[in-house]
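Student: Supplied in structure tokens, the structure appears directly below.
Quick note: the coordinates plus some simple rules give every number you see, no bench work behind them. What you see is a predicted model, and the numbers here were worked out from it, not measured in a lab. Backbone-built Cβ (ideal geometry, glycine too); neighbour counts: all protein chains shown.
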Amino acid sequence: MIIVFQLIFSFLASAGFGILFNAPRRALVNCGLTGAAGWILYYFLREGGTDLILAAYTGAIGLTVMAIFFSRWMKMPIIIFITCGIIPLVPGGTAYDTMRHVVMKEYTLAQVYAFEVMLTAGAIALGIISAEMAYQVYQTIRGKVKRNEV
Amino acid sequence: MSGELEAIDAPDRVLSDGFVRDVFYIALNCGKILLENGAETYRIEDTMARIADNYGIDNTQVFVTPTVIIFSMNDYALTQTVRIDERANNLEKIDSINNLSRRIAGGLPLRQAIDQLGTIHDTRIFPFWMVVLSGAIIGVSFLMLFEGVTVDIPAAVIAGAGGVFIMEGIQRYTKIKFFTEFFAAVFIAMAAILYAEYGPGQMLDTIVISSVMPLVPGVLITNAIREMIRGHLLAGVIKGAEAALTAIAIGAGVALVYMLL
């Protein structure tokens, strides 16, 4: 039950951002699915007691794999699915928290949030790039194997 | 390439001057549209160089940051600099340019490519009410993901939709993003506080965080770091500064209301 609940709302959040970012209409559902995939991975890792950063990293890898699949299948640039897909994971709320504490002069608390923002965003960025690199290496190797066979 | 010496070739006489200028026009404008609509800089550089390459013009240099494009065809002594003042996220246009570039790689004649570029410039966008509705959907979704209570849903709907409405609405009249974000944040905080103080609202902070989600620069921060890891340090720094400014605007807007009420 809780899985369905989490899936539905992370799907809606990502698809909603798809509208906000004016994603192509036929990609909206896939944008939502990408976001749901990343979030559900993240959610289960967090529930299982994994560290926030590691969970964000793994979630980002999961959603990028999904995004690569969709971009190959629908022949669309991968950025469409990644931009909408990382929405549930990105530390937007924490970034807002940071600045709210800064303007309220609670600097110590703000620092804690600021580092959390940077680490989470870094983990997500690294996760996306890791998956993309792995895919590139895979493609290169597959291309070489094919050329040798011919 | 590092280690290799840059070649200065003589221009290819087979290609007429007009042809070269048309290729330049297409590559430059594809890059401009991509940058204005939120594509990553390394991908823009890649696309522009590849378009020129497909029409038989090599030895091009592209330098893209979030605020400027410098593009030169070295063999033809052609260079242009384009300033980009406004950036938004419009994934539909990125997709259209991607399609165009794919078709150019498949051998699309130059004339048709120029015609297609003209039609890309006015792609359809979602109607305004749908964009506002998406603000409400996002607000409610995050309220649920952040373990909010169902009593707070009406507040998330009003604050989320209102925030997007103000941001998109004011953006048509002013170009300074800082103020549109600030006023949207003020509205969201007011709606949330009024609902929590005089209504049945329970978790004020959760309402505010989920409703500001359409405004916060989470994607921007992540993209900034991605650019940096890819080696585009300047682009990363610029995007990071933009993200910090947005976060300050939203934080200040909410904090102002907290202090006043």
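Student: What Rg and what Dmax come out for the range A:67-150 when only alpha-carbon atoms are used, in angstroms?
Tutor: Answer for the range A:67-150, Rg first and Dmax second: 19.2, 68 Å.
Student: Of B:Ser96, B:Ser210, B:Ser134, B:Ser72, how do they rank once you tally other Cβ atoms within 10 Å and put the fewest first? Don't jump to the answer; show the numbers that get you there.
Tutor: Numbers: B:Ser96 21, B:Ser210 30, B:Ser134 24, B:Ser72 17.
Ranking B:Ser96, B:Ser210, B:Ser134, B:Ser72 by Cβ neighbours within 10 Å, fewest first, gives B:Ser72, B:Ser96, B:Ser134, B:Ser210.
Student: Ok, one more. Please find the FRET efficiency linking B:Ile8 to A:Leu52, where r is the Cβ-Cβ separation and R0 is fixed at 56 Å, and quote it to the nearest 0.05.
Tutor: 0.60
Student: No partner Cβ under 4.7 angstrom, meaning no disulfide-compatible partner by this rule: which Cys of the protein assembly as shown qualify?
Tutor: If one checks each Cβ against the other cysteines of the protein assembly as shown, B:Cys30 turn up with nothing under 4.7 Å.
Student: Going down the table (A:Lys144/B:Lys239; A:Lys144/B:Lys32; A:Lys75/B:Lys175; B:Lys32/B:Lys175; A:Lys105/B:Lys239), which pairs top 27 Å between alpha carbons?
Tutor: Details: A:Lys144/B:Lys239 37 Å; A:Lys144/B:Lys32 35 Å; A:Lys75/B:Lys175 34 Å; B:Lys32/B:Lys175 19 Å; A:Lys105/B:Lys239 25 Å.
With Cα atoms farther than 27 Å apart: A:Lys144/B:Lys239; A:Lys144/B:Lys32; A:Lys75/B:Lys175.
Student: Here's a follow-up. Rounded, prolate or oblate for the range B:17-120? Axes are the square roots of the Cα gyration tensor eigenvalues, ordered a ≥ b ≥ c, and the cut-off for rounded is a/c under 1.5.
Tutor: Numbers: a/c = 1.77, a/b = 1.16, b/c = 1.53.
Here the range B:17-120 falls in the oblate category.
Student: Quick check: Cα centre of the range A:1-34 to Cα centre of the range A:45-77, how many Å?
Tutor: 14 Å
Student: Still on this structure: Note the full-extension length gain between B:Leu261 and B:Thr67 as 0.36 nm times their separation in residues minus their Cα-Cα distance, in nm to one decimal. It would help to have the intermediate numbers written out before the result.
Tutor: Numbers: separation 194, 0.36 × 194 = 69.84 nm, distance 3.91 nm.
Roughly 65.9 nm would be gained on extension.
Student: Provide, in order from the shortest bin, the percent of all Cα-Cα pairs of the range B:142-218 in each 10 Å bin, continuing until the bin that contains the maximum pair distance.
Tutor: Whole-percent P(r) values from 0 Å outward: 22, 51, 23, 5.
Student: Which value, in nm² and rounded to one decimal, describes the direction-averaged projected area of the C-alpha convex hull of chain B? Don't jump to the answer; show the numbers that get you there.
Tutor: Values: hull surface 65.4 nm².
Orientation-averaged projected area of the Cα hull: 16.4 nm².
Student: Follow-up question, since we're still on this one. Over its Cα atoms, what ratio of radius of gyration to 2.2 N^0.38 Å does the range A:2-149 give?
Tutor: Values: Rg = 17.2 Å, N = 148, 2.2 N^0.38 = 14.7 Å.
So the range A:2-149 has a normalised radius of gyration of 1.17.
Student: Please compute, for peptide A:76-84, the average count of beta-carbon atoms on other protein chains lying within 10 Å of each residue's beta-carbon. If you can, show how the numbers build up before the last one.
Tutor: Numbers: counts 5, 13, 2, 11, 5, 1, 5, 9, 3.
For peptide A:76-84, the averaged partner shielding equals 6.
Student: Once you put a point 7 Å from the Cα of B:Asp58 and another 7 Å from the Cα of B:Met130, both along the Cβ direction, what distance in nm separates them?
Tutor: Inter-label distance under the simple model: 4.5 nm.
Student: Where Lys and Arg each count +1 and Asp and Glu each count -1, what net charge lies around A:Pro91 among other residues with Cβ under 12 Å from its Cβ? Mind dumping the intermediate values first?
Tutor: On the way: positive: none; negative: A:Asp97, A:Glu116.
Computed value for this residue: -2.
Student: A further question on this structure: May I ask for the angle, rounded to the nearest 10°, between helix B:233-260 and the longest principal axis of chain B, with both axes built from Cα atoms and the value confined to 0 to 90°?
Tutor: The helix B:233-260 is inclined about 20 degrees to chain B.
Student: Would you tell me the mean number of C-beta atoms belonging to other protein chains that fall within 10 Å of each C-beta in A:124-131, as a whole number? Please report the intermediate quantities before stating the final value.
Tutor: Details: counts 7, 11, 3, 1, 5, 4, 1, 0.
Mean inter-chain Cβ contacts per residue within 10 Å come to 4.
Student: What helices does chain A hold that run 18 Å or longer along their axis, going by alpha-carbon atoms, with a Kyte-Doolittle average of 1.6 or more, using DSSP H for the helix calls? Let's see the in-between values first.
Tutor: Working: long enough: A:2-20 (27 Å, 2.24); A:28-47 (28 Å, 0.80); A:52-74 (32 Å, 1.57); A:107-149 (62 Å, 0.34).
Length and hydropathy pass: A:2-20.
Student: Cut-off 17 Å, label point 7 angstrom out along Cα-to-Cβ of A:Thr140: give me the residues of the range B:191-231 whose amide nitrogen falls inside.
Tutor: Only B:230-231 pass the distance filter.
Student: Quick check: pseudo-label points 7 Å beyond the Cα along Cα→Cβ at B:Glu147 and A:Ser130, how many nm apart are they?
Tutor: Here the answer is 2.6 nm between the modelled labels.
Student: With charges set only on the Cβ (+1 for Lys and Arg, -1 for Asp and Glu), what does the dipole of the protein assembly as shown come to about its Cα centre, in debye to the nearest 20?
Tutor: That gives the protein assembly as shown a dipole magnitude of about 760 debye.
Student: Kirkwood Rh over Cα pairs of the range B:128-260 into Stokes-Einstein at 4 °C, 1.567 mPa s: D in µm²/s? Each step should come with its number before you reach the end.
Tutor: Numbers: Rh = 15.1 Å.
The Stokes-Einstein estimate is 86 µm²/s.
Student: Oh, and also: What's the ranking of A:115-127, B:165-177 by average number of surrounding C-beta atoms within 10 Å, highest first?
Tutor: The most tightly packed comes first, giving A:115-127, B:165-177.
Student: Listing B:Phe19, A:Phe5, A:Phe17 from the residue with the fewest other Cβ atoms within 10 Å to the one with the most, what is the order?
Tutor: Numbers: B:Phe19 15, A:Phe5 11, A:Phe17 29.
By the 10 Å Cβ count, ascending: A:Phe5, B:Phe19, A:Phe17.
Student: May I pose another question? Roughly how crowded by other chains is peptide B:204-213, in terms of the mean Cβ count from those chains within 10 Å of each of its Cβ atoms?
Tutor: Details: counts 0, 3, 1, 0, 4, 6, 2, 0, 5, 9.
The shielding value for this peptide is 3.
Student: With the convex hull built on the Cα atoms of the protein assembly as shown, state its orientation-averaged projected area in nm².
Tutor: Numbers: hull surface 92.8 nm².
Mean projected area for the protein assembly as shown: 23.2 nm², to one decimal.
Student: While we're on this one: Estimate the FRET efficiency between A:Lys105 and A:Phe44 by the formula 1/(1 + (r/R0)^6), using the beta-carbon distance for r and 25 Å for R0, to the nearest 0.05.
Tutor: 0.05
Student: Using the Cβ atoms and a cut-off under 9 Å, what net charge is assigned to the surroundings of B:Thr60, where Lys and Arg are +1 and Asp and Glu are -1?
Tutor: On the way: positive: none; negative: B:Asp53, B:Asp58, B:Asp75.
Counting the neighbours of B:Thr60, the net charge comes to -3.
Student: Test of understanding: ordering B:Phe142, B:Phe179, A:Phe9 by Cβ neighbours within 10 Å, fewest first, what list do you get? Intermediate values should be presented prior to the final figure.
Tutor: Values: B:Phe142 29, B:Phe179 14, A:Phe9 22.
In increasing order of surrounding Cβ atoms, one gets B:Phe179, A:Phe9, B:Phe142.
Student: Kindly state, to the nearest 0.05, the FRET efficiency for B:Gln112 paired with B:Thr79, given R0 = 30 Å and r defined as their beta-carbon distance. Display every interim value, and only then the final one.
Tutor: Details: r = 26 Å, r/R0 = 0.88.
It comes out at approximately 0.70.
Student: Also, I was wondering about something else. Can you tell which of A:Gly85, A:Phe70, A:Tyr113 lies farthest toward the positive end of the dipole of chain A, using +1 and -1 charges on the Cβ of basic and acidic side chains (Lys, Arg; Asp, Glu)?
Tutor: Working it through, the farthest residue towards the positive pole turns out to be A:Phe70.
Student: Quick one: angle between helix B:91-105 and the longest Cα principal axis of chain B, in degrees between 0 and 90, rounded to 10, please.
Tutor: The angle comes out at about 20 degrees.
Student: Taking B:Lys177 as the anchor, which aspartates and glutamates have their alpha carbon closer than 14 Å to its alpha carbon, excluding any fewer than eight residues away along the same chain?
Tutor: B:Asp85, B:Glu86, B:Glu168, B:Glu242
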